[in-house]
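Read through the structure below, which is laid out as structure tokens, and then see the notes.
The values are calculated or read from the model by the stated rules, or taken from the named source; none is laboratory data. All of these numbers come straight from a predicted model, not from anything done at the bench. For neighbour counting, all protein chains shown are included, and Cβ atoms are generated from backbone atoms with ideal geometry for every residue, glycine included.
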Amino acid sequence: MFKYFEPNKIFSITSKAPKYVLALFLIIFTIGLIESLVLSPEDYKQSHSVRIMYVHVPAAWITLGIFSSITLLSIVGYIFKIKNFFLISKSLAPSGFIFNIIALVTGSIWGKPTWGTWWAWDARITSMLILALFYGLYLLAWRIYQDKEQVFKITCLITILGIINVPIIKYSVDWWNTLHQPASINILSKSSIHSSMLFPLMIMTAAFALFSLLIFLMKYNTELIKIKNKGLDRL
Amino acid sequence: MYGRKVKLRVLYILLILIILSLSIFLILKSLEQNVIYFQSPSEIKNISEIENNKIRVGGMVKKNSISINSDEINFIITDLKNEIYVTYSGVVPNLFEEGKGVVAEGYLKDKNFFLATKILAKHDENYMPPEVKEALGEK
């Protein structure tokens, strides 16, 4: 199993992948933008501001997904001492952070015309802000600590502290009274979002996921090149 | 299969997760009154004494309850069990409508009367095109 983690073998794949991912991202993103900005209908109540949702919701999903993946990789990496998992986590974090900020900003832009306020200290919005702070801490830890063993432990601890927040974000709208509306899309029951709006949402989610993958591959390649150049450091 | 050290690390991380979740749960449980963004009219009915703090009341704007005067707007917030009268002067958001969700921020005069300083519209989780809404309305 561990021989697949040889940097040269991984690099031969990941160094070629970005251009294909970029091409695919551009195609899917173009379709997503046309679908969500032009072809999809306006909402019966919010009219055109519903289109902000096609950026807001995928961004929020991706940022939660990335934080969960980072946590899982860090914990497994810490338990079995797999260095590669930490580098994957490190490379995933920047796009997760960016999508967290995008979710907060687009939510704010949507909130002004819909709710009548830019910001509300309700449970969903506050817990999302806390997630952004944890992303910030995580990224800072990689910058500040030089010693590898030390940074692995610290980032693992940050993700464990932060992951408690993820179910709170997900269920905050069900547990407490919040200004933020409950989830429209349920896996088990019928979704309260019309299919003509669900389709562009899914396309945009795919596009954002590809964008995250692209940024991840670029970051990860940089890490691998660093290791190759040093010659000493191994995965 | 795995060494004793690996097992210890697994147990330790599980322990951290359990203790953290438990403490966060207890903190949130004890601070529940501060975590909720607004109270419903029924919860207002149950409070023992009226404090002069800014609070938020949320619910549905009762049908046919909005009356607009020259300088103020009066309406009733209901949670279908209890109701509260709200007076507000200022601009209401576009989505403020009868039969839709609303959150009013302001001061309680008494348990039935609320003086709002800010009105927020609450959007529900339903998204659909206008044609679909009309079709649903005709049913």
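Among the residues in the stretch B:124-132, are any surrounded by 20 or more Cβ atoms within 10 Å (Cβ to Cβ), among the aliphatic types (A, V, I, L, M) and at pLDDT 90 or above?
no
Give the stretch B:1-45 a look and list any residue that's exposed (fewer than 12 other Cβ atoms within 10 Å of the Cβ), of a type outside the set (A, V, I, L, M) and either in the same structural domain as B:V103 (by TED's automatic domain parsing) or assigned to a helix (DSSP H, G or I) (or both), or say none.
B:R4, B:K5, B:S23, B:K29, B:S30, B:E32, B:Q33, B:N34
Could you list, in sequence order, the residues of the stretch A:191-235 that are farther than 13 Å from B:Y127 by Cα, out of contact with any Lys or Arg (no Cβ under 8 Å at 6 or more places or on another chain) and surrounded by fewer than 16 Cβ atoms within 10 Å (Cβ to Cβ)?
Correct list: A:M202, A:T222, A:I225, A:K226, A:K228, A:N229, A:K230, A:G231, A:L232.
Among the helices (runs of 4 or more DSSP H) contained in the stretch A:1-93, which hold 1 or more residues that are within 14 Å of chain B (Cβ to nearest Cβ)?
Qualifying helices (runs of 4 or more DSSP H): A:53-80.
Would you mind telling me which numbered condition in (1) away from every other protein chain (no Cβ under 14 Å); (2) over 22 Å from A:G116 (Cβ atoms) B:L115 fails?
Failed condition: (2).
Could you list all residues from the stretch A:17-40 that are over 22 Å from the mean Cα position of the chain (by Cα) and surrounded by fewer than 16 Cβ atoms within 10 Å (Cβ to Cβ)?
Scanning the stretch A:17-40 gives A:I34, A:L37, A:V38, A:L39.
For B:I77, are the conditions met, namely being more than 14 Å from chain A (Cβ to nearest Cβ) and either surrounded by 13 or more Cβ atoms within 10 Å (Cβ to Cβ) or in a strand (DSSP E or B) (or both)?
Considered against the rule, which asks whether it is more than 14 Å from chain A (Cβ to nearest Cβ) and either surrounded by 13 or more Cβ atoms within 10 Å (Cβ to Cβ) or in a strand (DSSP E or B) (or both), B:I77 comes out as no.
Consider A:S47 carefully, then state whether it is modelled with pLDDT under 90 and over 24 Å from A:I227 (Cα atoms).
When the stated conditions are applied, A:S47 passes them.
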